[in-house]
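Down below is the structure, laid out as structure tokens.
The values are calculated or read from the model by the stated rules, or taken from the named source; none is laboratory data. It should be emphasised that the depicted structure is a prediction, and the values quoted were computed from it without experimental measurement. Cβ placement follows ideal geometry from the backbone for every residue including glycine, while neighbour counts extend to all protein chains displayed. Accessible surface areas use protein heavy atoms only, side chains included; no ligands, DNA or RNA. Shrake-Rupley method; radii C 1.70, N 1.55, O 1.52, S 1.80 Å.
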Amino acid sequence: MFDVIKIAETTENGLRKASFLTCGAVCSQQIDIDLEGDVVRRVQYIGGCHGNTQGVASLCAGMKKEDVIARLEGIDCKGRGTSCPDQLARALKVL
């Protein structure tokens, strides 16, 4: 119900880039992620509350994806059962 949908994935020079559509229950519509090995290099949200999503993206840069998942998984926004940070955790679990 709250799953993300992978719409693109490429790997170039060891950098894995993936794009996901969010579930529709959150304000952001898409999340773009760059991974180098198991380290998150860049996160960009399309849509959503710019200040919050920019903050989440900045805090995740340089972290291991497992650590990001552990911190963000299950965060709820306004009783929706998911959130923009939770959607990022769900996307990282797919990668």
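Within the chain, what whole-number % of the accessible surface is contributed by carbon and sulfur, with the 1.4 Å probe and all protein chains included in the calculation? Here carbon and sulfur together make up 51 percent of the probe-accessible area. In order along the stretch 13-21, phi translates into HN-Hα couplings of 6, x, 9, 8, 10, 9, 10, 10, 7 Hz, rounded to whole numbers, per the Karplus curve 6.51 cos²θ - 1.76 cosθ + 1.60 with θ = phi - 60° and x for Gly and Pro. Couplings 3J(HN,Hα) of the stretch 55-63, computed from phi: x, 4, 4, 5, 5, 7, 4, x, 8 Hz, in residue order, whole Hz [Karplus 6.51 cos²θ - 1.76 cosθ + 1.60, θ = phi - 60°; x for Gly and Pro].
In this rough spin-label picture, where each label sits 7 Å from Cα along the Cβ direction, the H50-R80 distance is 1.9 nm. Packing-based ranking of 88-94, 6-12, 24-30 yields 88-94, 24-30, 6-12, ordered from highest to lowest mean Cβ neighbour count within 10 Å. Taking amide H positions as modeled 1.01 Å from N, with prolines and chain starts lacking one, no residue 5 or more places away or on another chain lies under 5 Å from L15. In the chain, Cα pairs under 8 Å separated by at least six residues give a relative contact order of 23 percent.
Restricting attention to the chain, lysine pairs at least eight places apart or on different chains and with alpha-carbon atoms under 14 angstrom apart total 5. Note that the chain presents 55 Å² accessible area per residue, ligands and nucleic acids not counted, probe 1.4 Å.
Paramagnetic label reach from M1 (point 7 Å along Cα→Cβ; backbone nitrogen cut-off under 12 Å): within the stretch 60-95, residues 80-82. Rounded to whole numbers, the Karplus 3J(HN,Hα) couplings from phi for the stretch 68-79 are 5, 4, 4, 7, 9, 4, x, 5, 10, 10, 6, x Hz, using 6.51 cos²θ - 1.76 cosθ + 1.60 with θ = phi - 60°, and x at Gly and Pro. Once you reduce the stretch 1-31 and the stretch 40-95 to the center of their Cα atoms, the two points are 11 Å from each other.
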